[in-house]
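One structure below.
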Amino acid sequence: MASIFACVFLLSTIPSLGVKTTEDRFFIFGIAGHFVAYLLFGWPARILLMEHRFHIYYGYGKGKTTSVIGLAVRALGAGKKVALIQFDKGYDGLNEHYSERKILRSFSDLQLFPFGKERVLGPNAFRFKNEPGDFEEAQKALEKARELLMGGQIDLLILDEILAAVMCKLITPEDVMKLVELYNRDRRCELVMTGHQVWPELVEKADLVTEMRKEKHYFDQKVLSKKGIEF
């Protein structure tokens, strides 16, 4: 009963706070709503109303990394701090295979962490077989993800191709689930994962899951990838 009276009192005081703008009203009602839900329903409601969400973009269609790069730019435009960890997309300091990274490095509020050994062996030549260094780089990427999740200094953390790293057996599903468990202990940022495949336990933990499914692709007509479009 005391909780109900506290909620009524809190909501009744909002009009008298002297707010003048719509943005201020939304902000105050948002804070009040979180507090009211906590008083009435406890932690389950608080979890439901948490600010930060867990997104997954997966599938065999084109557009996963493209989508999260767009999300990163949107967050930067809103004044957010972004970290982008890329699994199995390393950079040796000389050969840059991903054009978007040339632009991303220019953003002061974006931290870019490409991990992985060189796989491009030349024009239209690619190394598919895993080597010891690939596994080491994947573990470094996981460690950086844990560090950023616990640090609380960013607003958006993107783990690009982490699910592809599972499919390629560079890391395990358990490695990913441990990251999700760490994230859910204290959600300090928006978390995004990309890759080819998901599994039921992971989907259950996510707040948003989008599948990129190929309906048609010019690669099937042996069209080569194009700089500025595919890379």
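The numbers here are math on the coordinates, done by the rules we state, and not lab data. Keep in mind that what you see is a predicted model, and the values were worked out from it rather than measured. Here Cβ is always computed from backbone atoms with ideal geometry, including for glycine, and neighbour counts include all displayed protein chains.
Highest mean packing comes first when the peptides 98-111, 205-218, 152-165, 56-69 are listed by Cβ atoms within 10 Å, giving 152-165, 56-69, 98-111, 205-218. When the pairs Lys81/Lys140; Lys117/Lys216; Lys144/Lys214 are compared against a 28 Å limit on Cα-Cα distance, Lys117/Lys216; Lys144/Lys214 fall above it. Across the alpha-carbon atoms of the stretch 95-183, the computed radius of gyration and Dmax are 14.4, 41 angstrom.
Based on the Stokes-Einstein relation at 4 °C and a viscosity of 1.567 mPa s, and on the Kirkwood radius from alpha carbon pairs, the stretch 52-221 is assigned a translational diffusion coefficient of 79 µm²/s. The mean sequence distance of close C-alpha pairs (under 8 Å, at least 6 residues apart), as a share of the length of the stretch 72-172, puts its relative contact order at 39 percent.
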